[in-house]
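Chemist: The structure under discussion is supplied below as structure tokens; questions concerning it will follow.
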Amino acid sequence: MASRVPGRRLVACLLNVSEARRKDLVEMVAMAAVYKSKGELREGATVLNIFNDLDYNRSVITIVAGIDSVREAVLSACEAACGLIDMRAHSGAHPRMGAVDLIPIYPLDEALGLDDCAAEAQAIARGLTERVPGSSAFLFGWADRPLQRGLAQRRRDMGWFSKTPHMHVVTADVGPPPQRRYGLTGVGAGPYVMNCNVTIDTADLALGRRVAAALRESAPGGVPGVQVLALPHGGAVEIACNVESVRGAPPAGSGAEREAWPTFSIGGERYCHAPASLITARVGALAGQQGVGLKGTALVGFTPTQCRGLAERALSLGLGEFWKEQRGGLCM
């Protein structure tokens, strides 16, 4: 997955912020990633996509830059988000802990190692708490040295999955004890993680949780790399999946699940991830056993290969606000 843009050494940050209903505010956060304080375009950075979910009141902003310039782009966006979002007034169906809830750093260039991204994530965590006094962070994945605890484990240990996390008992890895104004931000690094959400045609959350439990990686016959929540969404239930890239060759499939798992390399090692079509088919089968059909599938952002390809195009054209071109159908 080597970058074809010379010298870029591209990384992606899928910045999760706790706001979606005020789209102008979210766009201000995205603009801060690609423009300097005096309005000058930040060289070597682009925002590929903004995904807003109104029910969740959560947005995912896909920022791509070279590893030497991503820190400033991400921290500028975080400063804007923390100045505009107050967690004391936030509500939404998706669990959350921070105004900036998640800062994952993923390599898009096979010449980059996960250690490179981990060091950058740690620097971003420190930079956030220095530039936004009162903010705090926890580390996950390769940035969580030496334990390298995954995001799901760290969230579970801190009570992230509860409706109202008990922030007063949470210990930050970087910065002061979490404050209600900014909450707590997860900062980490690892192989690329997609978000694939499949909506099933029922409002029965208990049924949705049974589907999620059977789908997740830890279940017998579950899909490798898939972490799942069942959440109320638009009068139905969404099976919200984090699709982690897994090391090694793709597993053998059969029948309708025989579609090839996309593969790529990081630091000379092979990785792959479950395709969205397989996840949709598996959710459809599990829900169908309960007499429930599907309403649709949404891929939040891109696959790793799509992300790299679009970033190369955006940066070669000097398009910092690529998400606007994509929205207008000009660059897909």
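The values are calculated or read from the model by the stated rules, or taken from the named source; none is laboratory data. Owing to the predicted nature of the structure, the values given are computational and were not obtained by experimental measurement. Note that we place each Cβ from the backbone using ideal geometry, even for glycine, and neighbour counts take in every protein chain shown. Ligands, DNA and RNA are excluded from the accessible area calculation, which covers all protein heavy atoms including side chains. Shrake-Rupley method; radii C 1.70, N 1.55, O 1.52, S 1.80 Å.
Chemist: Within region 61-74, can you find the residues that are open to solvent by less than 10 Å² (accessible area, probe 1.4 Å) and of a type in the set (A, V, I, L, M)?
Modeler: Listed by number, the residues that qualify are 61, 63, 64, 65, 70, 73, 74.
Chemist: Still on this model: Select from region 34-56 the residues that are modelled with pLDDT under 95 and open to solvent by less than 40 Å² (accessible area, probe 1.4 Å) and write down the one among them that is farthest from residue 193 (Cα to Cα).
Modeler: 42
Chemist: Starting from region 115-140, keep only residues that are touching a residue at least 60 places away in the same chain (Cβ under 8 Å), then list their pairs with residues that are assigned to a helix (DSSP H, G or I) whose Cβ atoms are within a distance under 7 Å, requiring at least 6 positions of separation or different chains.
Modeler: 120/70; 120/71; 124/71; 124/74; 124/75
Chemist: Would you be able to tell me the number of residues in region 133-146 that are open to solvent by 10 Å² or more (accessible area, probe 1.4 Å), aliphatic (A, V, I, L, M) and more than 11 Å from residue 184 (Cα to Cα)?
Modeler: 0
Chemist: Next question. I'm trying to understand the selection: among the residues of region 281-324, which are of a type in the set (Lys, Arg), within 20 Å of residue 30 (Cα to Cα) and touching a residue at least 12 places away in the same chain (Cβ under 8 Å)?
Modeler: Result: 308, 313.
Chemist: Between 67, 61, 105, which is β-branched (Val, Ile, Thr) and in contact with a Lys or Arg (Cβ under 8 Å, 6 or more places away or on another chain)?
Modeler: Going through 67, 61, 105 in turn, just one is β-branched (Val, Ile, Thr) and in contact with a Lys or Arg (Cβ under 8 Å, 6 or more places away or on another chain): 67.
Chemist: For residue 312, are the conditions met, namely being in a helix (DSSP H, G or I), among the acidic types (Asp, Glu) and closer than 19 Å to residue 8 by Cα?
Modeler: yes
Chemist: Continuing with the same structure: Can you find a residue in region 73-92 that is assigned to a strand (DSSP E or B) and over 15 Å from the mean Cα position of the chain (by Cα)?
Modeler: No, region 73-92 contains no residue that is assigned to a strand (DSSP E or B) and over 15 Å from the mean Cα position of the chain (by Cα).
Chemist: Taking residue 89 and the conditions (1) open to solvent by 60 Å² or more (accessible area, probe 1.4 Å); (2) touching a residue at least 60 places away in the same chain (Cβ under 8 Å); (3) of a type in the set (Gly, Ala, Ser), which numbered condition does it fall short on, given that it satisfies the others?
Modeler: Unmet for residue 89, out of (1) open to solvent by 60 Å² or more (accessible area, probe 1.4 Å); (2) touching a residue at least 60 places away in the same chain (Cβ under 8 Å); (3) of a type in the set (Gly, Ala, Ser): (2).
Chemist: Look at region 265-282 and say how many of its residues are in contact with a helix residue (DSSP H, G or I) (Cβ under 6 Å, 6 or more places away or on another chain) and open to solvent by less than 20 Å² (accessible area, probe 1.4 Å).
Modeler: 1
Chemist: Restricting the first residue to region 22-33 and requiring it to be free of Cβ contacts under 8 Å to residues at least 60 places away in the same chain, which pairs with a second residue that is surrounded by fewer than 18 Cβ atoms within 10 Å (Cβ to Cβ) and small (Gly, Ala, Ser) meet a Cβ separation below 9 Å and a spacing of at least six or different chains?
Modeler: Note: no pairs meet the criteria.
Chemist: Which one of these is open to solvent by 70 Å² or more (accessible area, probe 1.4 Å) and either among the basic types (Lys, Arg) or under 23 Å from residue 300 (Cβ atoms) (or both): 155, 180, 149?
Modeler: Checking each option against the conditions leaves just 180.
Chemist: When you check residue 262 against the structure, is it open to solvent by less than 40 Å² (accessible area, probe 1.4 Å) and of a type outside the set (A, V, I, L, M, F, W, C), yes or no?
Modeler: no
Chemist: Also: If you go through region 209-249 one residue at a time, how many are assigned to a loop (DSSP other than H, G, I, E, B) and of a type outside the set (A, V, I, L, M)?
Modeler: Going through region 209-249 one residue at a time, the tally reaches 12.
Chemist: So residue 97 passes all but one of these: (1) modelled with pLDDT of 95 or more; (2) hydrophobic (A, V, I, L, M, F, W, C); (3) open to solvent by less than 10 Å² (accessible area, probe 1.4 Å); (4) within 16 Å of residue 178 (Cα to Cα). Which condition number does it fail?
Modeler: Of (1) modelled with pLDDT of 95 or more; (2) hydrophobic (A, V, I, L, M, F, W, C); (3) open to solvent by less than 10 Å² (accessible area, probe 1.4 Å); (4) within 16 Å of residue 178 (Cα to Cα), only one is false for residue 97: (1).
Chemist: Could you go through region 243-254 and let me know if any residue there is of a type outside the set (Ser, Thr, Tyr) and open to solvent by less than 20 Å² (accessible area, probe 1.4 Å).
Modeler: Checked region 243-254: at least one residue is of a type outside the set (Ser, Thr, Tyr) and open to solvent by less than 20 Å² (accessible area, probe 1.4 Å).
Chemist: Scan 102, 84 and give me the residue that is open to solvent by 10 Å² or more (accessible area, probe 1.4 Å) and out of contact with any helix residue (DSSP H, G or I) (no Cβ under 7 Å at 6 or more places or on another chain).
Modeler: Answer to the check: 102.
Chemist: What's the number of the only condition in (1) among the small types (Gly, Ala, Ser); (2) in contact with a strand residue (DSSP E or B) (Cβ under 8 Å, 6 or more places away or on another chain); (3) open to solvent by 50 Å² or more (accessible area, probe 1.4 Å) that residue 285 fails to meet?
Modeler: The failed condition is (2).
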